[in-house]
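Quick notes on the structure that follows.
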Amino acid sequence: MNSGHHYISRQSHLAACGGNISPGNEKLGVGMKKAKVITSMALALGVMAAPAAALATLNGSTTPGSPFTLCRTQGTIPDGRYMVNNNNFAGKPECLTGRHGIPGFRVSESDATSRSPGSDAFPDIFSGCSWGICSPHSWLPDKAAALGNPKTTWHSVERARGTWGAGYDTFFDPRPRHDGQAAAEMMIWLNSRNAYNPAGKGWPVARLDGARWYVLTWETSNGHQRWRYVQFRRYTPTWNVTNLALGPFVVYLKTHDWIRPNWYLLNVEAGFEIWNGGTGLAAKSFSVTLQPS
């Protein structure tokens, strides 16, 4: 892991905020917002590890059911088998609240103000490893082919003003890495507000796990590395999914040679990509069920 100044760009920005992208015009690098962040660990995609102090109990107790408040920039805190991540990579004030042992959080304060293609934050809860931080007792990273058909449940509250997207973020790599930039990224957007609408823009539609999804993809860069980005945007938005099967999405990536059969799934994150507003967004429940062989 490196320290110092790092430049990051959330690659879903143009797809979410109406940038000039379309099938056949997917390569990005010009016009994407790059936020300058000072951190103690390597950073890309706006998902990074927090200093060890950020893992300290914030309210003096980790008793199940006791409340926590997380306001530290890039701070993380264990929440049962998962990690809650205050991923406000633009450095704007943001606070998350929740209760220990209950996998979820609420955005109690968000001062995100972005009006550009670049978002300000991605508060999330995750299983696996992300930029040097790993959730407790997770099977991840593991080879995607060895996990069978992972299932995930996420129920949310999305009564919030502003511009935001709600969904999953997952990463793949040839190695079972715990930190650093992954080789491929898959987002599964369930809902959004005031965001780019892919309808009628020529993006293909795939039917996966009983629902239709727009498929947006391009190659992106953080200024140092390039990787494949794929976004599945739900044709009919929803606030909740129960036992969403990730297997069909992974097979779709493999079929299009966006990932290799022997690559590792590093993590499963669920959160809110926030450009502006966002106070009141909440993850009420979250789970990931893996079936490693």
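Annotations for the structure displayed:
- Pairwise centroid distance, computed over Cα atoms, of the stretch 63-90 with the stretch 181-207, Å: 27 Å
- Using the Cβ of residue 266 as centre and a radius below 15 Å, the other residues enclosed give a net charge of -2, where K and R count +1 and D and E count -1.
- Other residues within the sphere of radius under 12 Å centred on the Cβ of residue 243, judged by their own Cβ, net out at 0 (K and R +1, D and E -1).
- Per-residue HN-Hα couplings for the stretch 200-209 [Karplus 6.51, -1.76, 1.60; θ = phi - 60°; Hz; x = Gly/Pro]: x, 9, x, 6, x, 10, 10, 9, 9, 6
- Ignoring aspartates and glutamates fewer than eight residues from residue 201 along the same chain, the ones with Cα atoms less than 15 angstrom from its Cα are 26.
- Here the translational diffusion coefficient of the stretch 49-194 follows from Stokes-Einstein with Rh set to the Kirkwood radius across Cα pairs; for 10 °C and 1.306 mPa s it amounts to 98 µm²/s.
- Relative intensity, log₁₀ I(q)/I(0), of the stretch 94-173 from a Debye sum that treats every alpha carbon as a point, q = 0.15, 0.22, 0.26, 0.27 Å⁻¹: -0.73, -1.28, -1.49, -1.54
- Highest mean packing comes first when the peptides 89-97, 270-278, 198-206, 157-165 are listed by Cβ atoms within 10 Å, giving 270-278, 89-97, 157-165, 198-206.
- In order through the stretch 253-260: 3J(HN,Hα) via Karplus (6.51 cos²θ - 1.76 cosθ + 1.60), integer Hz, x for Gly, Pro: 4, 5, 4, 9, 6, 7, 9, 9
- Here the Karplus relation 6.51 cos²θ - 1.76 cosθ + 1.60, evaluated at θ = phi - 60°, turns the backbone of the stretch 155-164 into coupling constants of 10, 9, 10, 10, 8, 8, 7, x, 10, 7 Hz, with x for every Gly and Pro.
None of the figures in this text is laboratory data; all of them are computed from the coordinates on show. This structure is a prediction, so every number in the text was calculated from the model and none was measured. Heads up, the Cβs are rebuilt from the backbone with ideal geometry, glycines too, and the neighbour counts pull from every protein chain shown.
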